[in-house]
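Encoded as structure tokens, the structure appears first; notes follow it.
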Amino acid sequence: MKIRYVNAKFGGANHDSHIWNVSGMDNFFETKHRSGETAFKLLGDAGYPSKPWLITPKRNPAPNTPEAAFNKNHSLGREIVERTIGLLKNRFRCLLGARQLHYTPVKATQITNVCCILHNMCIAYGLEEPSSDE
């Protein structure tokens, strides 16, 4: 899966929803939605607020209900995102937590962004995924 957007300016201790709120992307998508562009949807985990363009799981659905089925399908979509992040870290081992980037935050952000670009190029050129033991 290609990476469409990355914001690597924040350290791992920052919550995803905080990064989302300060990134400007929420305002961008709200503006698009209000102007009538409603064909797009984003998946967010339970830490995000549910919005017309940001689909989050239902809270505490009863078993065997449409809401529980929705959450199951939602989690399958989120698994694709998690697998993509895992593949990115497997391709570029410097992104693994044990091999932290010992650079300034600006340089670490640049390295992460370049790794995402190279990941997309690997997909575009049909390069095989590295095995997890490489």
(message) Given R₀ = 30 Å, what would the calculated FRET efficiency be for Lys89 paired with Lys51, taking r from the Cβ atoms and rounding to 0.05?
(response) 0.55
(message) Skipping prolines and chain starts, which residues have an amide H placed within reach, meaning under 5 Å, of the one on Leu43, given they are 5 or more residues away or on another chain?
(response) Ile55
(request) Taking amide H positions as placed in the peptide plane 1.01 Å from N, state which residues far from Lys51 in sequence (5 or more) or on other chains have amide H under 5 Å from it. (result) Thr56
(message) With a 10 Å cut-off between alpha carbons and a GNM built on the chain, which of Asn71, Asn14, Asn90 moves the most?
(response) Asn14
(message) Residue by residue through the stretch 46-63, what is 3J(HN,Hα) from phi via Karplus (6.51 cos²θ - 1.76 cosθ + 1.60, θ = phi - 60°)? Round to whole Hz and write x for glycine and proline.
(response) 5, x, 9, x, 6, 9, x, 9, 10, 8, 10, x, 6, 7, 6, x, 5, x
(message) Which of Thr56, Thr104, Thr112 ends up with the largest GNM mean-square fluctuation for the chain, with Cα atoms connected below 10 Å?
(response) Thr104
(message) Under 30 Å between alpha carbons, and skipping anything fewer than 8 positions from Lys58 in its own chain: which lysines qualify?
(response) Lys2, Lys9, Lys32, Lys41, Lys72, Lys89
(request) Give a residue-ordered list of calculated ³J(HN,Hα) values for the stretch 104-114 (Karplus: 6.51 cos²θ - 1.76 cosθ + 1.60, θ = phi - 60°; whole Hz; x for Gly, Pro). (result) 4, x, 5, 5, 4, 4, 4, 4, 4, 4, 5
(message) Using the Karplus curve 6.51 cos²θ - 1.76 cosθ + 1.60 with θ = phi - 60°, what ³J(HN,Hα) values do you get for each residue of the stretch 34-44, in whole Hz, with x for Gly and Pro?
(response) 5, 7, x, 7, 10, 7, 9, 9, 10, 9, x
(message) Can you compute the FRET efficiency between Thr31 and Gln110 using 1/(1 + (r/R0)^6), with r the Cβ-Cβ distance and R0 = 35 Å? Round to the nearest 0.05.
(response) 0.80
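Please express the shape of the stretch 16-125 as an equivalent ellipsoid: the semi-axes are the square roots of 5 times the eigenvalues of the C-alpha gyration tensor, given largest first in whole angstrom.
On the way: eigenvalues 175, 75, 42 Å².
Taking √(5λ) for each eigenvalue gives 30, 19, 15 Å, largest first.
Only the coordinates and a few stated rules stand behind these numbers; no lab work does. What you are looking at is a predicted structure, and each value in this text was computed from that prediction instead of being measured. Cβ coordinates were reconstructed from backbone atoms using ideal geometry, including for glycine residues, and neighbour counts include every protein chain displayed.
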